[in-house]
Amino acid sequence: MVSRPSPNTTARFKPLLRYGLWGALFLLALGLGFGIPVAVVLDREVRAEFEALTWQIPTRVFARPLALVEGEPMSVAALQQELEAAAFSEGDGRTPGTFSRDGGVFRIATRGFSDVDGAVDPARAEVRLANGRVAGLRRSDGGGPGFMLDPARIATLYGAKQEERELIRLDDAPPLLVAGLQAVEDRNFKHHIGIDPWGVLRAMFVNIKEGELEQGGSTLTQQLVRSLFLSNAKTATRKAKEAAYALIIEARFDKRRILETYLNQVYLGQQGGQSIHGVGAASRFWFGRDVADLKAQEIALLVAMVQGPSHHDPRRYPERAKARRDLVLGVFHDTGLLTEAQRDAARRQPLGVLARPGLARNRYPGFLDLVRRQLASDYDADALTGAGLTVHTTLAPSAQRDAEASVARSLGALDKADRPALQAALVLTDAQTGDVRAIVGDRNANQPAFNRALDARRPVGSLLKPMVYLLALAQPGRWSLASPIDDGPVSMRLPNGQEWAPKNSDGRSHGVLPLEDALIYSYNQATVRLGMDVGPERLVALLKALAEIDAEPNPSLILGSVDLSPYAMAQAYQFLASGGRIQPLRAVRGVLSPEGEPVARYDGRKDEAQDGDAVAARLVTLVLQDAARRGTARALASGETAGLAAAGKTGTSNDGRDSWFAGYTGSHLAVVWVGNDRNEATGLYGATGAMRVWQGLFSTLPSAPLQPGEQGIEWAYVAQGQFATTESECTGARRYPFVAGFLPAEHLSCVERGLLDFFGFGADGE
């Protein structure tokens, strides 16, 4: 048996070893005819390339941690998606990072993590789902009423780029992986100088003895050199360069850095034209989990594939891969890394690789685009490179997947051969906090070259009308939902001198009607009259206050003649969904240092709504709920969205080029746009295009019904055709909500109302 120098001996002679390395390098270069100048050039090249490829720690981006609370909406499908996104594996539900499921009952064991609000300890809980809600939750530690899942890792940022390398620190790698890799590939790694003649001889002996290629002869340093600098050509010149590079690396860098670089560079698979480098990315690609969560048999498979990822591809050649894995497990046992029982148990396990690759390209690119923009206010691209930061975002992975699926499914059903291909954009937020839960910027959500959710500015049409009514209802002494308004023909001269005479979409006028009906049925003529009374300049000021929207105070603005993005409209509607609070939308919750300490927080605004704003927003919401029951969005009152009591408004631009819908429940707000990039007619209205996408999303999204509340509101029955209160039993009486204290001054009894009808007084009082 060949004796090895002890670590103490190596440390004692380390200075001499360094000189010896440089001497060996010089002699090798001289022997090859290089001389000192070439050796210097090689040294410079190695330092430059190696420094660039011993990557700094990247910025990691996480979704929001899912908080499970008894009574809150949650479906089995959504919880399953959240667990998969956070790389939980199905198991006993007791080992951290595992879950078990029996119907609607989940047993979950979390790993613990650092959050913007502090450290969250590992925990276990039993969660029971029923009727679309968390019906029961029992923590094993007897803790509080809630239970928080580890957040899903959604991206790795290197400045402005997103790459699929999932880099790891050496200290974060499983000890079995670090030790097992050396046991199989380079047992003398800690002691050699980059090349190991004794290792070559030992490998030859073992391979002959076993009759199989069990061990490699090249050192890990030499393998790293081939990956970074050289081709696989088996020539004497290449081998000499390999040795020279290896000697330089060993002279310049310590063993830990070399090993860490190897772990992040080693080639372990292929996804189309994309190479899978590093054990972090390979763990995600083959098993869908973080490398820290790998089991012994999975670690052995990764080590086995080092010798030839294509030859031992477990998806294409499972028998070949298992044979090699089991051989590696044997080496782990022979070197004392596993007991006999552990080896045998691991060999009995299947390969356990995902049927489809777990490494997605450009995962959630639309949402990450927003994250980068919000981070840009505090960090430039260079500050995010190698900073080792942890960014906690507001993304809900299950909601994002539901949104993407609804867009793809709905547009596929709406596509027609005789018109340009449809495109879509969607923004989903938490109705109460303004946290952005999902972004879809392209019907192909994985590759939005152009993020339409943020950057596409299209005419919003009737989607702006609720803001006009909001301004009117904020003047309760002048306007109420029962106030009569004329929907007769209207015309006026615009600032450019043109005559403007907008028509209703049905081509008819509807006479005098209640303000509420004008919004429910989205009548243009009545809305223009109301908007001119309110004043276009006040509408401009409102849009600026709600969403930083700049617009011109033209009369046409009243009917949505302004180009806005779905994100801007979501910001404006957030005021209504949150009950009258101005809430800047946010995609970033906070940033942590590499040590887990808070660097920056992005807390949502928590100011309470002003009383007048809250009541006006509540009144508009009540009308939009009616619009979803009997108006332009009445399709929401049937099917799987019927129980949500949603509030919604459709929007359609001229000639049907743009289809819009904004709708919200008690939990979520979503704004959807459907159109095409050629700005041609789609043949779609708001209800037939964008609203279908909204319905598809909310048919699967766990969301609470909308309950606007009664604060500041007083209900009363109003006599038909009259702005006067009456009794509920009167013929034609209709119940309206009013700002408390602003009921109509006049009261008509049923008898008085009957006399008016008898003598032929009409709705206009004549």
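What follows is calculated from the coordinates using simple rules that are stated; it is not laboratory data. None of these values were measured; they are calculated from a predicted model. When we count neighbours, we look across all protein chains shown, and the Cβ atoms used for this are built from the backbone with ideal geometry, even at glycine.
General remarks:
- Look at the Cα gyration tensor of segment 526-600: its axes a ≥ b ≥ c give a/c of at least 1.5 with a/b over b/c, and that counts as prolate.
- Estimated FRET transfer efficiency (Phe723, Gln447; beta-carbon r; R0 41 Å; 0.05): 0.15
- Shown is the FRET efficiency for Arg47 and Lys239, computed with R0 = 25 Å from the Cβ-Cβ distance and rounded to the nearest 0.05: 0.70.
- When both segment 550-604 and segment 457-480 are represented by their alpha-carbon centers, they are found 19 Å apart.
- Its Cα gyration tensor gives segment 63-151 an equivalent ellipsoid; the semi-axes, largest first and in whole Å, are 18, 14, 13.
- Pair Arg735, Gln80: separation of 7 Å Cα→Cβ label points (nm): 4.2
- Fully extending the segment from Arg316 to Glu752 would add 148.4 nm, taking 0.36 nm per residue of separation and subtracting the current Cα-Cα distance.
- Entries in Lys239/Lys322; Lys239/Lys295; Lys503/Lys544; Lys190/Lys239 that, when Cα-Cα distance is taken, lie over 26 Å: Lys239/Lys322; Lys239/Lys295; Lys503/Lys544
- Distances between placed amide hydrogens fall under 5 Å for His668 paired with Ala431, Ala704, all partners being 5 or more residues away or on another chain.
- The length gained by stretching the chain between Asp254 and Ser593 to full extension, at 0.36 nm per residue less their Cα-Cα distance, is 119.5 nm.
- Rounded, prolate or oblate (a/c below 1.5 giving rounded, otherwise prolate when a/b exceeds b/c) for segment 713-758 by Cα gyration tensor: prolate
- Segment Asp121-Leu170, extension gain: residue separation times 0.36 nm, minus the distance between their alpha carbons: 15.3 nm
- Peptides 302-309, 738-745 ranked from most to least packed give 302-309, 738-745, packing being the mean of other C-beta atoms within 10 angstrom over each peptide's residues.
- Relative contact order of segment 567-705: 19 percent, from C-alpha pairs under 8 Å at least 6 residues apart in sequence.
- Spin-label pair Glu552/Ser638, simplified geometry with 7 Å Cα→Cβ offset, distance in nm: 4.3
- Cα-based shape type of segment 463-561, given that a ≥ b ≥ c are square roots of the gyration tensor eigenvalues and the cut on a/c is 1.5: oblate
- Most to least packed among 260-269, 430-439 [average Cβ atoms within 10 Å]: 430-439, 260-269
- Relative contact order [Cα under 8 Å, 6+ residues apart], segment 63-151, whole percent: 34
- Using the Cβ-Cβ distance between Arg601 and Val69 with R0 set to 22 Å, the FRET efficiency from 1/(1 + (r/R0)^6) comes to roughly 0.45.
- Between Ala681 and Ala179, the modelled label-to-label distance comes to 7.5 nm, taking each label 7 Å out from Cα in the direction of the beta carbon.
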